[in-house]
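The values are calculated or read from the model by the stated rules, or taken from the named source; none is laboratory data. Keep in mind it's a predicted model, so treat the numbers as computed, not measured. Please note: Cβ atoms are built from the backbone with ideal geometry, for glycine as well, and neighbour counts cover all protein chains shown.
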Amino acid sequence: MTTLRDHLHRVGSSMWMRLWTVGVIALALALPLRASAAEHALEAAGAPVKIGIIGSGRMGGSLATLWVQAGHEVMLSSRHSEELRALATSLGPRARVGTPREAAMFGDVVLISIPYGALPEVGRELRTQLAGKIVLDTCNPYPERDGPMALEARRKGTGVASAEYLPGVRLVRAFNAINYQDLRREAHRSGDLIAIPLAGDDTGALAVAARLVRDAGFEPVVVGPLARAKLFDVGSLVYVQVLTAKQLRARLGLASQGP
């Protein structure tokens, strides 16, 4: 026979189960809102971004300088991170030095600027730290330096190949079609800004990348998804050409609207 106590116990258990279920649903609904809020913070002009830089040579070091000047925080890293301390000191309190793993953990956005042949190793070793993060890939494949894998990357298109080497990230091809001398010389120039082509499959990541391009002193031009990054790969009509956004779009046959 069911007692009153048993009945109340079942009612109470049922009530707690319903409350637990409602709580889980509420949490699930809240998570995208938090992610969206974080995304908006990264996109918002003026809000500082933490940027981890893996490979802080001429290109990575130049971008670190421009981004610190724009108010962002950077962590410089390379295989010989101790050699970066002078640069970090010169940039002031918004710059620090760490290992590549620490830079991947530090950054809300991670810039990878290394020889293309090292990209598979970075993808393997830092897969956990890079998972889900916006990654800007400046790396270009050169067979004479990187071996046969560079030929395959060029055949596929670097955007497609890099995505295979960096699984689980929100990848954007960026800053690969300008050399570091022009990056330093042309940033924030007067008149029409120099264009930086971008490609990516994630619209939120593209928006953040576009903001960082502007903060570095250039004009972003979204070319399309990663498959279209081939349009500004090594040897393309726009590779290492100093072009305004209007000139870049004309050469690539893109619509004249903004990024």
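Summary table
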{"item": "Some residue of the stretch 27-47 being over 18 Å from Arg170 (Cβ atoms), surrounded by 16 or more Cβ atoms within 10 Å (Cβ to Cβ) and modelled with pLDDT under 95", "result": "no"}
{"item": "All positions within the stretch 199-219 that are in a strand (DSSP E or B) and surrounded by 24 or more Cβ atoms within 10 Å (Cβ to Cβ)", "result": "Ala199, Gly200"}
{"item": "Listing of helices (runs of 4 or more DSSP H) fully contained in the stretch 135-190 that carry 2 or more residues being out of contact with any Lys or Arg (no Cβ under 7 Å at 6 or more places or on another chain) and closer than 22 Å to Leu243 by Cβ", "result": "180-186"}
{"item": "Yes/no for Ile112 being closer than 18 Å to Leu183 by Cα and either at pLDDT 95 or above or in contact with a strand residue (DSSP E or B) (Cβ under 6 Å, 6 or more places away or on another chain) (or both)", "result": "yes"}
{"item": "The stretch 63-120 - residue that is over 23 Å from Ala207 (Cβ atoms) and touching a Phe, Trp or Tyr at 6+ places or on another chain (Cβ under 6 Å) and, of those, surrounded by the fewest Cβ atoms within 10 Å (Cβ to Cβ)", "result": "Pro120"}
{"item": "Yes/no for Leu151 being of a type in the set (A, V, I, L, M), within 14 Å of Tyr116 (Cβ to Cβ), out of contact with any Leu (no Cβ under 9 Å at 6 or more places or on another chain) and surrounded by fewer than 21 Cβ atoms within 10 Å (Cβ to Cβ)", "result": "yes"}
{"item": "Residue count, the stretch 119-134 (criterion: touching a residue at least 24 places away in the same chain (Cβ under 8 Å), within 15 Å of Glu164 (Cβ to Cβ) and touching a helix residue (DSSP H, G or I) at 6+ places or on another chain (Cβ under 9 Å))", "result": "5"}
